[in-house]
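Below is one structure; the comments refer to it alone.
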Amino acid sequence: MKNNKLLKEKNVTAELFSESDILEKKVSRKEFIKLGAIGTILATAGSRVFSLHATEEQHITSKAAVRWGMVIDPKKCKEGCTDCITSCHEAHNVPDHRDKKNEVKWIWKENQQTLFPEKVSPYKKNGNNLPYITLCNHCDSPSCVRVCPTQATWKRNEDGIVMMDYHRCIGCRFCMAACPYGSRSFNYKNPKSGLEKINSSYPTRTIGVVEKCNFCSERISDNKEPLCVVNCKEKAIVFGNLNDPESEIRQILEKYPSERRKVELGTGPAVFYLS
């Protein structure tokens, strides 16, 4: 593939390096990150990362037959229980360095103050004190995907899951900066050093790579539900097809009031919280 000689706002790196050069890692990481930063600045100067015209119906506008989503009921989530977290992290080889600075997480718990600060009175610390399960929102219009210079993260057309290709990730962390939910983690240390036991059926990552929840895409391929759903004894998490009016998740959303995080940004989160 010949180098592209046309300088475009969103394709600065393509002017200097061919796609094959990038994939074959002929370009040094330092050079690529530097050029990628220039491209991002030019791209975002002409258009915003987020659309500010989101609608509450955005989550069911996908033309695909399947749009996976999740409903979480904070009132059912038991304080101190970590079954959903443990099962997910063990199966996906998520390291535990026991160090906040190097923390890597796919699913965790936060308080209402962190997730929905607009709902909390400044005079009531942490809001309602309920534990809110937190993970990647698998957005309809994911900002992380738009800023990734190597397409290491992308949204699957067939079901809306936002995926990661760890081999393409160059560790620039643009996706982390673009994600308004803090759902991505960076491996500052060798992940294997934070694993007591390795699950050989799922790939481990390397230092310098970003990772996040994948809605257990490997289980969905086998018609199985995500591990966090299966292992929640309180049934606080429901997973299903948002495009199917007869599905359990749609029935719940039609019956009970719910909310999503930062919908005003236009990302269209596929994770709902019952109010």
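So here's what we get for this one:
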quantity: Condition broken by Thr114, with the remaining ones in (1) closer than 30 Å to Arg205 by Cβ; (2) polar (S, T, N, Q); (3) in a loop (DSSP other than H, G, I, E, B) satisfied; calculated: (3)
quantity: Qualifying residues in region 141-199 (those that are within 23 Å of Gly266 (Cβ to Cβ) and basic (Lys, Arg)) - the one nearest to the chain's Cα centre (by Cα); calculated: Arg184
quantity: All positions within region 96-136 that are touching a helix residue (DSSP H, G or I) at 6+ places or on another chain (Cβ under 6 Å), aliphatic (A, V, I, L, M) and surrounded by 19 or more Cβ atoms within 10 Å (Cβ to Cβ); calculated: Ile107
quantity: Every pair of residues 6+ apart whose Cβ atoms lie under 7 Å, when the first sits in region 130-152 and is farther than 18 Å from Val104 by Cα and acidic (Asp, Glu) while the second is at pLDDT below 95 and in a loop (DSSP other than H, G, I, E, B); calculated: Asp140/Ser62
quantity: Residues of region 258-275 satisfying the condition of being of a type in the set (Ser, Thr, Tyr) and either modelled with pLDDT under 95 or buried (at least 20 other Cβ atoms within 10 Å of the Cβ) (or both); calculated: Thr267, Tyr273, Ser275
quantity: Residue check for Ser28: at pLDDT below 55, more than 25 Å from Lys189 (Cα to Cα) and among the polar types (S, T, N, Q); calculated: no
quantity: First in region 94-120 and free of Cβ contacts under 8 Å to residues at least 24 places away in the same chain, second anywhere and part of a loop (DSSP other than H, G, I, E, B) and hydrophobic (A, V, I, L, M, F, W, C), Cβ under 6 Å, 6 or more apart; calculated: Gln113/Val120
quantity: Members of region 78-95 that are crowded, with 20+ Cβ neighbours inside 10 Å and either of a type in the set (Ser, Thr, Tyr) or assigned to a loop (DSSP other than H, G, I, E, B) (or both); calculated: His92, Asn93, Val94, Pro95
quantity: Residue list for region 219-249, filter: exposed (fewer than 14 other Cβ atoms within 10 Å of the Cβ) and out of contact with any helix residue (DSSP H, G or I) (no Cβ under 7 Å at 6 or more places or on another chain); calculated: Ser221, Asp222, Asn223, Lys224, Glu234, Lys235, Pro245, Glu246, Glu248
quantity: Tally of residues being of a type in the set (Phe, Trp, Tyr) and either buried (at least 16 other Cβ atoms within 10 Å of the Cβ) or not assigned by TED's automatic domain parsing to the domain that holds Arg260 (or both) across region 137-173; calculated: 1
quantity: Test result for Cys232, within 24 Å of Cys179 (Cβ to Cβ) and either assigned by TED's automatic domain parsing to the domain that holds Pro142 or not in a loop (DSSP other than H, G, I, E, B) (or both); calculated: no
quantity: Pair list, Cβ < 6 Å and 6+ apart or interchain, from region 174-197 residues that are assigned by TED's automatic domain parsing to the domain that holds Val147 and assigned to a helix (DSSP H, G or I) to residues that are basic (Lys, Arg) and surrounded by 20 or more Cβ atoms within 10 Å (Cβ to Cβ); calculated: Cys175/Arg184; Met176/Arg184; Pro191/Arg205
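The values are calculated or read from the model by the stated rules, or taken from the named source; none is laboratory data. These figures come from a predicted structure and were not determined experimentally. Counting neighbours? That spans all protein chains shown, and the Cβs are built from the backbone with ideal geometry, glycine included.
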